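Asker: Attaching a single structure in C-alpha cells format; questions to follow.
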Amino acid sequence: MRMLTGNLAPSIGTVKICGIDMIENPKEAKALIGYLPEMRPIYKELTVDEFLTIAARLHKVPSKQIKKAVDVAKQKCGLSHMSKRLIENLSNGYQQRVAIAQAIIHNPLVVILDEPTVGLDPIQIREIRSLIREIGQKHSVILSTHILPEVEMVCDRVQIIDKGNLVFHGSIDELKQHRQGNKLLVGFSKAPPLSALKDVEGVTKVEKVEAGMYRIHFKSKQSPSEAIVKLSVKNRWSLYQIAPDQTSLEDVFVQLTEKKQKN
C-alpha cells in the first residue's frame with residue numbers, strides 16, 4: 001500500500017497510477033490518488049468542515065471550488081448534519097467517515113483504503129461497507145483487509161498475497177468457485193452403506209462427518225445430487241439434507257498459501 005501511494009520506493013518493478021509512473025512523475029501520480037491509511041489522518045480538535053477544508057487545500061482543490069468539494073464529500077459520506085461538530089465528539093464510525101471523506105475530497109480517480117473497518121462495531125462496519133460500495137460506483141477502489149468475508153461483500157476482483165507472493169488473482173466469482181469446490185454435504189435419517197454412495201456415478205470420495213451425515217466429493221461438472229435423491233427414495237434412506245459444502249474463505253486462503261509453499 002505504501003508503494004502504491006508513493007510513500008515507499010519499490011525495490012524492484014514499477015508502480016503506475018492510470019499510466020503515470022510513480023517514480024518518474026510522483027506529483028502527477030499522487031494527485032490521482034485518495035488515501036486512507038490504517039491509522040486515520042484526522043485532527044480531532046477541528047470541526048468536520050474545518051478539517052475537510054484543510055484537506056481540500058492540501059489536495060490543491062481550487063479556492064473557488066473548496067466549499068462545493070467539501071459539501072459533496074460530506075454528502076457522499078453521510079456527514080452533512082455533522083458539519084459543525086468537533087471530530088473528537090463523533091462516534092468511531094463517523095470519525096471513519098470523515099477519514100474517508102478526506103480521501104475523496106479532490107475527486108481522485110483511485111481511492112486506496114487500508115483496513116477501513118478495523119475497530120468498528122457491527123453496525124458501523126455495515127455502514128462503511130455500504131459507503132465503500134457506493135464510492136466504487138464512480139471511483140476505482142483498492143481495498144486492503146484481513147477480514148476475508150469483507151472481500152466477498154465489497155470487492156469485484158481479488159488478490160491474495162502471502163509473504164510478498166501473489167497466490168491468487170481473479171474475479172470474486174472465481175474466488176467463490178474455490179469456496180464451492182466439488183463437494184456435497186448429505187444427511188440421511190437411515191444411514192446408507194458407504195459403498196452405495198461410492199458407487200454413484202461421478203463420486204470420487206465419501207467421508208462420514210457424523211451419524212447419518214456425509215461429505216461427498218465428485219468430479220468437476222458431474223454433480224451426483226439427482227442420483228443420490230433417487231437412490232434415497234428407492235432405498236428409503238430418508239434424505240433430509242443435500243447441499244453444496246462450501247469451504248470458508250479462511251480455508252481457501254490457507255489452501256492457496258500452502259499450495260504456493262509446496263510449489
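Asker: Could you go through region 107-116 in sequence order and give the Karplus-derived ³J(HN,Hα) for each residue, using 6.51 cos²θ - 1.76 cosθ + 1.60 with θ = phi - 60°, rounded to whole Hz, and x for Gly and Pro?
Answerer: Computed from phi, the couplings for region 107-116 are 6, x, 6, 10, 10, 10, 10, 9, 6, x Hz.
Asker: Here is a follow-up. Less than 20 Å apart at the alpha-carbon level, and either on another chain or at least 8 residues along: which aspartates and glutamates does that give for residue 198?
Answerer: Result set, ordered by chain and number: 207, 210, 226, 245.
Asker: Whole-Hz Karplus ³J(HN,Hα) for region 59-68, in order, using 6.51 cos²θ - 1.76 cosθ + 1.60 and θ = phi - 60°, x for Gly and Pro?
Answerer: For region 59-68, the Karplus-derived couplings read 8, 6, 6, x, 3, 5, 9, 4, 4, 5 Hz, x marking Gly and Pro.
Asker: Measure nothing fancy, just the Cα-based angle from helix 249-262's long axis to the longest principal axis of the chain, in degrees from 0 to 90, nearest 10.
Answerer: The angle comes out at about 90 degrees.
Asker: Separate question: Expressed as a whole percentage, what fraction of the accessible surface of the chain belongs to carbon and sulfur atoms when a 1.4 Å probe is rolled over the protein heavy atoms?
Answerer: On the chain, the fraction of accessible area on carbon and sulfur atoms equals 50 percent.
Asker: Calculate, for residue 134 and residue 240, the FRET efficiency according to 1/(1 + (r/R0)^6) with r their C-beta to C-beta distance and R0 25 Å; round to the nearest 0.05.
Answerer: Efficiency, rounded to the nearest 0.05: 0.05.
Asker: Let me ask something else about it. So what is the accessible area of the chain per residue, in Å², with the probe set to 1.4 Å?
Answerer: Values: 15720 Å² over 263 residues.
Ligands and nucleic acids excluded, the figure is 60 Å² per residue.
Asker: Next question. Would you list, by chain and number, the aspartates and glutamates whose Cα falls below 19 Å from the Cα of residue 67, excluding same-chain residues fewer than 8 positions away?
Answerer: Answer for residue 67, where 19 Å is the Cα cut-off: 49, 50, listed by chain and number.
Asker: Here is a further query. Using Cα pairs under 8 angstrom and six or more residues apart, how large is the relative contact order of region 103-172, in percent? Write down the numbers at each step before the final one.
Answerer: On the way: 68 pairs, mean separation 19.0, N = 70.
Taking the mean separation of contacting Cα pairs over the length of region 103-172, I get 27 percent.
Asker: Once you keep just the Cα pairs under 8 angstrom separated by 6 or more residues, what percentage relative contact order results for the chain?
Answerer: Computed over the chain, the figure is 14 percent.
Asker: Near the amide H of residue 204, under 5 Å away, which other amide H atoms are found, from residues 5 or more places off or on another chain, if H is placed in the peptide plane?
Answerer: Counting only residues 5 or more places away or on other chains, the set is 217, 218, 219.
Asker: Helix 122-135 versus the longest principal axis of the chain: what angle, 0 to 90°, nearest 10, using Cα atoms?
Answerer: 70 degrees
Asker: Tell me, in nm to one decimal, what length is gained between residue 18 and residue 230 on full extension, where the rule is 0.36 nm per residue of separation less the Cα-Cα distance?
Answerer: In short, 70.7 nm is gained.
Asker: Before rounding to the nearest 500, sum -39500 (n - 2.57) across all DSSP H runs of length at least 4 in the chain and divide by the residue total; then give [θ] at 222 nm in deg cm²/dmol. Could you put the intermediate results ahead of the total?
Answerer: Working: 10 runs with 100 residues, N = 263.
Rounded to the nearest 500, the figure is -11000 deg cm²/dmol.
Asker: From the Cα trace of the chain, what convex hull volume per residue do you get, rounded to a whole Å³? Before the final figure, lay out each step's value.
Answerer: Values: hull volume 44.6 nm³, N = 263.
Spelled out: Cα convex hull of the chain, divided by residues, is 170 Å³.
Asker: Greater than 24 Å separation of Cα atoms is the criterion. Which listed pairs, 27/163; 44/74; 84/138; 16/60; 183/230; 76/163, meet it?
Answerer: Distance filter (> 24 Å) returns 27/163; 84/138; 76/163.
The values are calculated or read from the model by the stated rules, or taken from the named source; none is laboratory data. Computed from a predicted model, the values in this text were never measured in an experiment. Cβ atoms come from the backbone with ideal geometry, glycine included; neighbour counts cover every protein chain shown. What goes into the accessible areas is simple: the full protein's heavy atoms, side chains included, and nothing from ligands, DNA or RNA. Shrake-Rupley method; radii C 1.70, N 1.55, O 1.52, S 1.80 Å.
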